[in-house]
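So the structure is just underneath, and the comments pick up after that.
Every number here is computed from the coordinates shown, using simple stated rules; none is lab data. The structure presented is a predicted model; accordingly, all values stated were derived computationally and were not measured. Here the Cβ positions follow ideal geometry from the backbone for every residue, glycine too, while neighbour counts run over all protein chains shown.
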Amino acid sequence: MNKIILASQSPRRKQLLQWAEIPFDVVVKETDESYPENLGIEQVAKHIAGNKAAAVKQEISEDDIIIAADTIVVLDNEVIGKPKDAKDAVSILTRLSGNKHLVVTGVVITQGKKEISFADTTEVWFHDLTRGQIEFYVRKYKPYDKAGAYAIQEWIGVVGIKKISGDFYNVMGLPVSRVVKELSNFRV
């Protein structure tokens with residue numbers, strides 16, 4: 001039987017696949033998350049996910065199915081990455097406060113020579129957040145491994161998100177219903 005490999009160490013992606021009751025193993029290789037500057041927003045996320053898939057592909061059987069993903073946050077056409085430190089996290093959240101931003105997750109699913117890639121975009125609006133709320137969140141939740149310096153399923157999402165348009169789970173890091181649908185195109 002072919003295995004499904006999640007090429008991500010994200011606990012959120014693991015949790016989402018577990019909730020979907022998809023059996024999988026995790027294989028992660030360190031990859032470069034840079035990208036050519038001429039790429040469109042969706043292509044950026046797919047490019048980075050593709051790099052993750054390619055790195056893991058060298059380590060596994062050709063029959064195994066790889067799921068790789070990368071999530072980016074976009075404010076005013078600027079890609080907002082993971083914060084470098086607490087000061088950077090506060091700065092990012094201050095910029096997101098009271099504004100709409102996009103969360104784009106690029107996904108690559110590959111098995112042997114077959115590959116499907118797609119991007120899912122969700123619009124997210126934050127309420128106006130106080131400096132105290134932002135500093136509390138950064139101090140308590142340390143969102144340094146999260147694009148845009150936040151996780152929607154944590155405190156800041158509960159009190160700070162005004163509304164979303166699109167897939168909630170995409171904001172968590174994986175449009176899991178689309179992944180499940182696309183897996184039907186592979187030999188599991």
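Per-structure values
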{"quantity": "Proximal lysines relative to K146, as straight alpha-carbon distance under 19 Å, when same-chain residues fewer than 8 apart are discounted", "calculated": "K14, K29, K46, K52, K82, K84, K87, K100"}
{"quantity": "Net dipole in debye of the chain [+1 Lys, Arg Cβ; -1 Asp, Glu Cβ; about Cα centre; nearest 20]", "calculated": "440 debye"}
{"quantity": "Tensor-based shape of segment 94-143 (alpha-carbon gyration tensor, a/c under 1.5 rounded, otherwise prolate or oblate)", "calculated": "oblate"}
{"quantity": "Relative contact order [Cα under 8 Å, 6+ residues apart], the chain, whole percent", "calculated": "24 percent"}
{"quantity": "Calculated FRET value between R131 and E59, using beta carbons and R₀ = 41 Å, to 0.05", "calculated": "0.35"}
{"quantity": "Helix-only CD estimate at 222 nm, as mean residue ellipticity for the chain, using -39500 (n - 2.57) per DSSP H run (n ≥ 4)", "calculated": "-10500 deg cm²/dmol"}
{"quantity": "FRET efficiency, 1/(1 + (r/R0)^6) with R0 25 Å, evaluated for K84 and E30 via beta carbons", "calculated": "0.90"}
{"quantity": "Where labels lie 7 Å past Cα in the beta-carbon direction, separation of E182 and W155 in nm", "calculated": "3.5 nm"}
{"quantity": "Prolate/oblate/rounded label for segment 1-74 (Cα gyration tensor, a/c 1.5)", "calculated": "oblate"}
